[in-house]
Structures are given as C-alpha cells and as structure tokens.
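Asker: Right, I'll just put the structure down here and ask away after.
Every read-out reported here was derived from the displayed coordinates using simple, explicitly stated rules and does not represent laboratory data. Only a predicted model underlies this, so the values are computations on that prediction, with no experimental measurement involved. Reconstructed Cβ throughout: ideal geometry from the backbone, glycine too, with neighbour counts over all protein chains shown.
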Protein chains: 2
Amino acid sequence: MQTKEVVQSFREKTAHYLKQANIVLTEKEKSSIEVADFGLGRLEQVGLQLITYVNTDRYCAKELVLFPGQTCPEHKHPNRANGDRGKQETFRCRTGEVYLYVEGEKTELPKVYPPEDDLQYYTAYKEIVLRAGEQYTIEPDTLHWFQAGEEGAIVSEFSSNSDDASDIFTDTRIDRLPK
Amino acid sequence: MQTKEVVQSFREKTAHYLKQANIVLTEKEKSSIEVADFGLGRLEQVGLQLITYVNTDRYCAKELVLFPGQTCPEHKHPNRANGDRGKQETFRCRTGEVYLYVEGEKTELPKVYPPEDDLQYYTAYKEIVLRAGEQYTIEPDTLHWFQAGEEGAIVSEFSSNSDDASDIFTDTRIDRLPK
Ligand SMILES: [Zn+2]
Ligand SMILES: [Zn+2]
C-alpha cells in the first residue's frame, strides 16, 4: 500500500504528463485518475496510472500512463463466469515506447526484463515493441505484461468490457482491486 | 463524388491536422485515411475524415476529424440483421468543439444548423456541446448528426463493432459506402 500523499503525487504527475501530450481531461477525470500499485508497494517499479473514459457492457476505452521503466505485471483476462468471452484488448502507443510481452516464442535478447525481485512470477517472453502510432491486440486468456521505456509512455487501451475483478495475475501476491 | 485529387488533399490535410494535435499515425495509416463525402459531392460542407485503429467483432476505435463547420449527416445504427444490438458509440472530443444533435427534446437557439440545402433530411435537435475532454455516449438506433465549430475538431470514437453498411441515413440520397 502507498500513502495517500504518494498516490496523490502520482495522480498529479499523471495529469501533467497527459497535458504535456495534449491529452485533455476534465477536472473530474483528473481527480479520478487511478494509481495502481498492485498491492506490492513499489509504485515506481511496479505500477500503472489510468483513466477510464468509458466502460459499457460492450466496450471500454482507457488511457494508460507508465512512468520511465514502470512495469504492469503479468496477467490475463479469462472467460467470464457468466460464459462471456474474456477481455480482448488493443494497446495503441501514443507517446514514448512500451515493451509488451505475451505468451509465445521467447524473444532472445529482449529490450527489458521484469523487475528483478519478481522474476519468478513472469512467464511470457514474446516481445512486441510499440512506438508512438503502433498498436497490438491481445486475445482473451493470453498472459501479458508490459514496461515503459526511458521516457515513460502513454498507451490508449481499446477493449471489450473491462472487469478488474476477473483478471488473473501470475504473481499470487497481487491484489488488483484498489482498497 | 470527389476527384481523386480532392480526396488526396483532404487526406493530407487530415494527417497534418492530427500531427498538429500530437496524434501519431503510421505511414500506412496516413495513406488509409478515409475521406467520406457521403455521395453528396460537397465535402467542405458535408463530410468526415477518419482513421479506424481497430474494429473487431466486439469493439472499435476510430479518430474522426472534422474541418471547420463540416457536418456528418444524420444517421442511426439499428440492430443488426443477425440479431446483434446496433452500434453503441462514445464520442470524446480531443481538440476544438463539436456540436452533436440527438433524438430528444429540441434545443431552442442551437449553436449551429444543418446545411441549408439539406434541412429536410434532419430531424434530431437535442444539442450536446462537446469541448476538448468532454464525451457523450449514443445508444443504438438513436438518430444523431454533428458539426464541428470554427476551429474544426478531432473526436475519438469508442464503440462496439462498426459496420457502415448497416447504418441508416435520414437523407435517402446518401450512400455511405465508398465507391
Ligand atoms: Zn491486460
Ligand atoms: Zn454514428
């Protein structure tokens, strides 16, 4: 867990970062920026900042912000308990660079590695490099994780309905739902 | 119909306009920008420029560009022949201003009017003004049209699956599918 002050400072940094990239948020959106530390308490290393624009039962759109070197830990979106297909998601890089790793043939000499302390909780090593204007679609129930490059990154996420509670993280210590 | 030269010049103007707003496209995307004149041959007045980032059977994301005063004519997204619900779409204004009109209680003294020559083909007059950072979700089977303000506008469209062929335009002269 992070202190309220740390979360608030990351929220402000995120709003500033988006503004620099000409992405406009309403005041209400700015104050609702989500800062996820995944319960690991190492936000600079393992974390994700996001704003959800819309999330209907059919589609969802978010803006994800990653600070330099920050990692979103490995997870997948399985089929739902009600029989619905799991979340399908498209990541479109808007600024910076993001290194995405998905299930599949391991990339030799990857650009980056998972956080050293958590190495045992990472299994997906097929690398996809996304620079501004590039995108990739992840199918349901496919393990993936991603890390920003040296400048950080802004990533638009377009997807089917989003439901954090149904996500499965490889790292069993992780609890996605904010407290 | 527009000449190839006119379409190409609008495509280039669109790429330039997006670049000015810090929205990065790949070269391939730039050359695939769609310029829709809706078969009316008055592109400056009635038209829409767009790039489709992704369109799966579940969700779709596009960037719409409107030049100053340009109108996207009235239409709706009905339920599909296969029984699927019609397209639900969220418009999020990124730059400029867009005046959106949907079915419902008529707004007195609206900001703008439909193109004079086409007035008989417009019936939706409930006004929603969207400035940068503001958004609105249109439910399926709901008539809507929109016009950009004096600076033009960039609008992100987040939606369920998109299928131009199933759209219904109030103006029976309109043929949405590009030739
Ligand atoms: Zn995911
Ligand atoms: Zn529409």
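Asker: For the range A:97-110, indicate whether the set of residues that are within 14 Å of another protein chain (Cβ to nearest Cβ), over 23 Å from residue A:166 (Cα atoms), without any contact (Cβ under 8 Å) to a residue 60 or more places away in the chain and surrounded by fewer than 18 Cβ atoms within 10 Å (Cβ to Cβ) is non-empty.
Answerer: Within the range A:97-110, none of the residues are within 14 Å of another protein chain (Cβ to nearest Cβ), over 23 Å from residue A:166 (Cα atoms), without any contact (Cβ under 8 Å) to a residue 60 or more places away in the chain and surrounded by fewer than 18 Cβ atoms within 10 Å (Cβ to Cβ).
Asker: As an exercise: evaluate residue B:15 against (1) buried (at least 17 other Cβ atoms within 10 Å of the Cβ); (2) under 23 Å from residue B:138 (Cα atoms); (3) among the small types (Gly, Ala, Ser) and give the number of the one condition it does not meet.
Answerer: It fails just one condition, (2).
Asker: Would you point out the residue of the range A:138-179, among those that are within 13 Å of ligand 1 (Cβ to nearest atom) and charged (D, E, K, R), that is surrounded by the fewest Cβ atoms within 10 Å (Cβ to Cβ)?
Answerer: A:164
Asker: Inside the range B:4-38, can you point out the residues that are among the hydroxyl-bearing types (Ser, Thr, Tyr) and in contact (Cβ under 8 Å) with a residue 60 or more places away in the chain?
Answerer: B:17, the sole residue that qualifies.
Asker: Go through the residues of the range B:56-66 one by one and say whether even a single one is more than 13 Å from ligand 2 (Cβ to nearest atom), among the small types (Gly, Ala, Ser) and not in a strand (DSSP E or B).
Answerer: Looking for residues that are more than 13 Å from ligand 2 (Cβ to nearest atom), among the small types (Gly, Ala, Ser) and not in a strand (DSSP E or B), one finds none in the range B:56-66, hence no.
Asker: Does residue B:94 meet the test of being surrounded by 22 or more Cβ atoms within 10 Å (Cβ to Cβ), at the interface with another protein chain (Cβ under 8 Å from one of its Cβ atoms) and basic (Lys, Arg)?
Answerer: yes
Asker: Can you pull out the residues in the range B:1-47 that are away from chain A (no Cβ under 14 Å) and assigned to a helix (DSSP H, G or I)?
Answerer: Selection gives B:4, B:5, B:6, B:7, B:8, B:9, B:10, B:11, B:12, B:13, B:14, B:16.
Asker: Same structure again: Quick one: residue B:173 ticks every box in (1) assigned to a loop (DSSP other than H, G, I, E, B); (2) out of contact with any Leu (no Cβ under 8 Å at 6 or more places or on another chain) except a single one, so which number is it?
Answerer: Every condition holds for residue B:173 apart from (2).
Asker: May I pose another question? Mind listing whichever residues of the range B:39-60 are polar (S, T, N, Q) and free of Cβ contacts under 8 Å to residues at least 40 places away in the same chain?
Answerer: The one that is polar (S, T, N, Q) and free of Cβ contacts under 8 Å to residues at least 40 places away in the same chain: B:49.
Asker: Among residues belonging to the range A:76-114 that are polar (S, T, N, Q) and outside any loop (DSSP other than H, G, I, E, B), point out the one that is nearest to ligand 2 (Cβ to nearest atom).
Answerer: Among those that are polar (S, T, N, Q) and outside any loop (DSSP other than H, G, I, E, B), it is A:90.
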